Amino acid sequence: MENEKIFEKLEPIRVPEIDEILGVPFKVLDDGFIRVIDYLGSDQSIVQAARVSYGRGTKKVSQDRGLIRYLLRHRHTTPFEMCEIKLHIRIPMDAWRQWIRHRTANVNEYSTRYSLAIDSTQTTEPDQWRMQSSDNKQGSAGFFDTEIGKEMSADEKFLHDKAREIYSKRVEAGVAREQARKDLPLATYTEAYWKIDLHNLLHFLELRMEKNAQLEIREYANVIGNEIVKRWVPIAWEAFEEYILTSKEFSGFELKLLSLLANGKKEEVVEAAKEYGWIKYKDDKITFNMERWEFEGKLNELNIPIPWQ
Ligand SMILES: Cc1cc2nc3c(=O)[nH]c(=O)nc-3n(C[C@H](O)[C@H](O)[C@H](O)COP(=O)(O)OP(=O)(O)OC[C@H]3O[C@@H](n4cnc5c(N)ncnc54)[C@H](O)[C@@H]3O)c2cc1C
């Protein structure tokens, strides 16, 4: 056969760093966890798949690293879909409700129609009650005083205990589990098996490790990223951290402003921002503009003074 010379005997791909933690739970929140059940592929599988499109070429580790970084930078995503991971997670239902919005995974969740609801709810320590952010309607900023928090935690306990008591009473009376559960709090833990490919997992991590994601789901995402993906596909993880997680996006207009700033043209920047509608005044005070506020955040991170302040 003409093609025979290009076929080689393949060894199964295993990653010792992940094999070591298979089945071992990483604790998250007060009673949640994440553990790896199974996985398919490694950094090598990404390279192997990409070489089908780019030809075989050389196989030095440094070149593999360069190739993975190139693929990620240029959003050539399909080679990353060759890797898959299956996780077992235990998570409060409110965080799970956000998690389940990621449609590109395969999910099997614990059934509270079939089984009794897990007898555990996520509780909040008195110093962990977060205040509503005034800038970001979806976010929190700062913590309540612990004395106030103590009362909130006591109320929380009362509510959880009462809801569980009523649930148990209904079940004992013979109410169907599917109906008895209806008043359980969203803080009740659920469990699921969740399988996803690396491309979509990185997308999940990009959204859920981000500082604007809710703290609870962010804690799960941080464990998946820093404890699991980093061990499993260290080269892809490094590229993801570099090109996505710690990178910043700038719009065309923002780049124009940065270019003017780099050339010392601060007044032109302010004029351009006014023309663009970023700077408006009410009662001599500059009004809030979300896009401008986001740009100011990026300037702060770059230690660049805000030109209109
Ligand atoms: C900070 C934050 C705040 C949020 N606030 C809200 C909110 O207030 N209300 C709310 O409802 N949701 C909210 N969400 C959820 C958000 O809108 C997304 O549903 C969620 O993040 C999943 O993202 P995704 O669709 O990109 O991911 P996935 O479902 O995993 O999909 C991955 C990618 O696959 C493609 N894809 C998947 N399915 C389809 C499809 N049917 N058609 C076309 N392309 C598809 C898309 O490119 C998508 O980006 C919020 C998310 C975040 C991170």
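In table form, for the structure just shown:
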quantity: Selection status of Leu215, more than 10 Å from the ligand (Cβ to nearest atom), outside the structural domain of Ser133 (by TED's automatic domain parsing), surrounded by fewer than 17 Cβ atoms within 10 Å (Cβ to Cβ) and farther than 22 Å from Ser111 by Cβ; calculated: yes
quantity: Scope the stretch 85-98; condition surrounded by fewer than 23 Cβ atoms within 10 Å (Cβ to Cβ) and in contact with a helix residue (DSSP H, G or I) (Cβ under 6 Å, 6 or more places away or on another chain); matching residues; calculated: Gln98
quantity: Residue in the stretch 61-71 that is within 16 Å of the ligand (Cβ to nearest atom), modelled with pLDDT of 95 or more, in contact with a helix residue (DSSP H, G or I) (Cβ under 6 Å, 6 or more places away or on another chain) and not in a strand (DSSP E or B) present; calculated: no
quantity: Residue in the stretch 262-280 that is part of a loop (DSSP other than H, G, I, E, B) and among the hydroxyl-bearing types (Ser, Thr, Tyr) present; calculated: yes
quantity: Unique residue being among the aromatic types (Phe, Trp, Tyr) and buried (at least 19 other Cβ atoms within 10 Å of the Cβ) when the list is Phe253, Phe204, Phe288; calculated: Phe204
quantity: Flag if Glu210 is within 16 Å of the ligand (Cβ to nearest atom), closer than 19 Å to Ala95 by Cβ and surrounded by 15 or more Cβ atoms within 10 Å (Cβ to Cβ); calculated: no
quantity: Hits in the stretch 88-121 (condition: within 16 Å of the ligand (Cβ to nearest atom) and part of a loop (DSSP other than H, G, I, E, B)); calculated: Ile100, Arg101, His102, Arg103, Thr104, Ala105
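Okay, residues lined up against (1) more than 16 Å from the ligand (Cβ to nearest atom); (2) polar (S, T, N, Q); (3) not in a helix (DSSP H, G or I):
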site: Met131; (1), (2), (3): yes, no, yes
site: Leu159; (1), (2), (3): yes, no, no
site: Ala163; (1), (2), (3): yes, no, no
site: Leu186; (1), (2), (3): no, no, yes
site: His199; (1), (2), (3): no, no, no
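One line per residue, one yes/no per condition, for (1) part of a loop (DSSP other than H, G, I, E, B); (2) over 22 Å from Gly32 (Cβ atoms); (3) within 16 Å of the ligand (Cβ to nearest atom):
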residue	(1), (2), (3)
Thr123	yes, no, no
Asn136	yes, yes, yes
Glu178	no, yes, no
Tyr189	no, no, no
Ala192	no, no, yes
Ile196	no, no, yes
Phe204	no, no, yes
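The values are calculated or read from the model by the stated rules, or taken from the named source; none is laboratory data. Remember, predicted model here, so these are calculated numbers, not experimental data. Neighbour counts run over all protein chains shown; Cβ positions are idealised from the backbone, glycine included.
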